[in-house]
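A single structure is presented below for examination.
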Amino acid sequence: MSLTSQQIALVQASFRSVQPMSATAAEIFYKRLFEIEPEVGALFRGDIGRQGRQFMQVLAVAVGGLSNVSTLVPMVQQLGVRHAGYGVKAHHYDAVRQALLYTLAVILQDDYTDDVRAAWASAYAMLAGIMKEAAWGAP
């Protein structure tokens, strides 16, 4: 799966609006994730604030890398393998997708258009697919 240049532009532009509120975005994301999939809370053993900062940093790299997917893929593959080692299961990716899209809707408000949502959903599907395939092989 690949993204159109329009989808990449929408994801990158909307993320620039999220970045100044990254701490709030991370807080909303994890709160929502734990509501959707309470069992994932057990996978987080450290400081959730630090985890949130790391999540937003990785998200920034991924969003920035959408313009050059060939250099992004190895990092995303390593991330998938690492997450599987932490105990992440394939079905957790759906909860993460839901929590991410919810967070974007809360932060972006009126700027969270149908096109922005669709672009983020496509980007997430692509990245999550790469991560899952690296962790567990082809579906």
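Each reported figure results from applying straightforward, stated rules to the coordinates on display, with no laboratory input. These numbers come from a predicted model, not from an experiment. Note that each Cβ is placed from the backbone with ideal geometry, even for glycine, and that neighbours are counted across all protein chains shown.
Could you give the DSSP H helices of the chain that reach 30 angstrom or more along their long axis (alpha carbon positions) and whose average Kyte-Doolittle hydropathy is no lower than 1.6?
What comes out of the filter, once short or polar helices are dropped, is none.
Given the C-alpha centroids of the range 1-50 and the range 83-139, what is the distance between them in whole angstrom?
Each part reduced to its Cα centre gives a spacing of 9 Å.
Given points 7 Å out from each Cα along the Cα-Cβ axis, report the V73 to Q54 separation in nanometres with one decimal.
Result for the modelled spin labels: 2.6 nm.
Rg to Rh for the chain: what is it, with Cα atoms only and Rh by Kirkwood?
For the chain, the value is 0.93.
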